[in-house]
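To keep things clear, I will list the structure first and then write my remarks on it.
The values are calculated or read from the model by the stated rules, or taken from the named source; none is laboratory data. Keep in mind that this is a model prediction, so the values were computed, not measured. Please note: Cβ atoms are built from the backbone with ideal geometry, for glycine as well, and neighbour counts cover all protein chains shown. SASA here: full protein model, heavy atoms, side chains in, ligands and nucleic acids out. Shrake-Rupley method; radii C 1.70, N 1.55, O 1.52, S 1.80 Å.
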Amino acid sequence: MRYFFHMQTLTRYTDVDGLEMDSPADAREEAIRACGELLRDCPAGFWNSRPWSVTVTDAAGLILWDISIDGATSAAAPA
């Protein structure tokens, strides 16, 4: 089955190609990997931005899974 991995960071990325995956479990694992890559590739852009997300859909556009990543700086954090 083909799954589409749409990403929202500082900008929106709509996956128009998708990935053919063997199982739903494989697609969920890929979504977790995508989250890790987003954070690794742009850690400075994450803080003080809107929550980031990876949304996985099927070919019909139905949302199957959605992962939101949000961080907050507390008042105790150094400036």
Amide H partners (placed H, <5 Å) of G18, local residues excluded = F5
The set of residues whose placed amide H lies less than 5 Å from the amide H of W65, leaving out same-chain residues fewer than 5 positions away, is V56
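Expressed as a rounded percentage, what relative contact order does the chain have, with Cα pairs under 8 Å and six or more residues apart?
Working: 110 pairs, mean separation 25.9, N = 79.
That works out to 33 percent.
In the range 31-79, which chymotrypsin sites (Phe, Trp or Tyr not before Pro) fall in coil by DSSP and have 16 or fewer other Cβ atoms within 10 Å?
Numbers: sites: F46, W47, W52, W65; in loops: W47.
Hits after loop and neighbour filter: W47.
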Once both axes come from the Cα atoms, what is the angle between helix 24-41 and the longest principal axis of the chain, in degrees from 0 to 90, rounded to 10?
-> 30
Calculated from backbone phi, Karplus (6.51, -1.76, 1.60) coupling profile of the range 61-69 in Hz, x at Gly/Pro = x, 6, 6, 9, 8, 9, 10, 10, 10
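So how many Å³ per residue does the convex hull of the Cα atoms of the chain work out to? Let's see the in-between values first.
Numbers: hull volume 7.6 nm³, N = 79.
For the chain, the hull spanned by Cα atoms encloses 96 Å³ per residue.
Want the number for R50 to D66: 0.36 nm per residue separation, take away the alpha-carbon distance, what's left?
Details: separation 16, 0.36 × 16 = 5.76 nm, distance 1.54 nm.
Computed gain between R50 and D66 is 4.2 nm.
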At a 1.4 Å probe, what is the % contribution of carbon and sulfur to the accessible area of the chain?
-> 56
